[in-house]
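Chemist: Here it is, the structure in full.
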Amino acid sequence: MAASFQLFYLPSVSLATLFLSSCTLVVYVKRSKKSQLLGMFLAHIVTYIFFASINLVTSSLSLLHFYSLLPCNPFLPLTVTSVEELTQQLVSVSGTSLALDRVFIMSTPVSYAKMSISSKVAALSLAVNATLSAILTVTLLRFPPVSENSTSTYDVIKYLTLFFNFTLLFEVLLNIIFCVQFGRYAKKQSATCKQTIQINHITLFLCASQTFFCVVPNALAIYNEHVEDSQLEWIDNVNQYNHVYFTANVLLSLLFTLHKIRQKPKGTQVVQSVTAREVNGVRENLVVQYDYYHTYLTAVVVYGA
């Protein structure tokens with residue numbers, strides 16, 4: 001029952017995710033300034049598109065394999081599972097990088113603006129994901145699926161899963177830190193307007209969704225793996241749907257994000273200006289702003305008196 005449900009659910013949700021992520025990309029590009037376009041938020045949307053595209057292919061292959069419409073290949077299920085595990089990791093790395101980017105802008109806004117930190121974090125995220133993809137590709141091509149005497153595909157996937165659990169938890173912690181940071185900023189600015197309160201909505205939603213759909217199921221799985229004498233059967237049943245939970249998390253996150261970036265509130269920005277020291281007779285004014293159309297923080301250094 002679980003297998004048949006996933007066979008039809010995964011292609012459907014992957015197609016919906018691909019459509020929503022493409023719509024989000026179009027809206028974001030249209031409403032973004034060119035100077036703000038290349039950053040971590042754009043990289044995250046592109047990662048969503050890649051995630052949906054790959055999962056649409058793998059889930060379609062699984063469906064065709066189930067109905068014997070493909071040549072018999074005993075290694076196809078393992079390959080599909082491995083690739084799905086990888087795509088989850090790619091989204092997790094990207095999400096963690098996005099959360100880190102938000103923390104950076106609240107912690108060191110001057111350096112963030114001058115050093116184009118968002119672009120650098122995006123490049124780092126893409127580099128890590130490219131490395132993980134290369135590792136899994138080499139593993140699938142060169143190592144046996146399972147082996148007691150040498151490194152196998154199963155071993156590599158196991159280590160990738162450990163890294164995945166770490167990034168999931170780290171992303172949630174960074175999102176919580178950002179919410180605390182922005183709450184303090186809003187309080188200092190006496191910014192009690194409704195628009196200011198909405199700034200945390202996406203981050204809070206992502207944090208709650210990630211915790212419920214990803215962190216909790218993975219924590220239960222880790223518990224069952226390490227407690228031999230008191231394993232719970234219902235946890236094993238829950239873990240059958242781990243990829244279903246993750247795809248649901250991605251889909252809901254995209255729905256909420258797209259809903260927010262399509263809104264047109266009366267006040268579009270919350271701005272904080274901090275005057276820095278004078279350099280060669282020129283005063284630097286730092287402007288930290290949140291643009292509701294971008295659902296993202298941007299930092300700009302403005303020169304002048």
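No lab work stands behind these numbers, since they all come straight from the coordinates. Predicted, not measured: the structure shown is a model, and the values here were computed from it. Every residue, glycine among them, receives a Cβ derived from its backbone with ideal geometry; neighbour counts consider all protein chains shown.
Chemist: Across bins of 10 angstrom width beginning at 0, how are the C-alpha pair distances of segment 4-124 distributed, in whole percent?
Modeler: Per 10 Å bin, starting at zero, the Cα-Cα P(r) for segment 4-124 comes out as 13, 34, 27, 16, 8, 2 percent.
Chemist: Now for a separate question. A 26 angstrom limit on the alpha carbon distance is what I want to check against. Which of Lys30/Lys120; Lys114/Lys260; Lys120/Lys158 exceed it?
Modeler: Working: Lys30/Lys120 23 Å; Lys114/Lys260 28 Å; Lys120/Lys158 29 Å.
Long pairs (Cα-Cα over 26 Å): Lys114/Lys260; Lys120/Lys158.
Chemist: 7 Å from Cα along Cα→Cβ at both Tyr154 and Ile49: what's the point-to-point distance in nm?
Modeler: A separation of 3.8 nm, rounded to one decimal place.
Chemist: Length gain on complete extension for the stretch Ile135 to Leu204, per 0.36 nm per residue less the alpha carbon to alpha carbon distance? Please list the in-between numbers first.
Modeler: On the way: separation 69, 0.36 × 69 = 24.84 nm, distance 3.30 nm.
Gain on extension, Ile135 to Leu204, equals 21.5 nm.
Chemist: Would you please give the residues with an amide H less than 5 Å from that of Ser32, counting only those at least 5 places away or on a separate chain, with H modeled from the backbone geometry?
Modeler: For Ser32, whose amide H was placed from the backbone, there are no distant partners under 5 Å.
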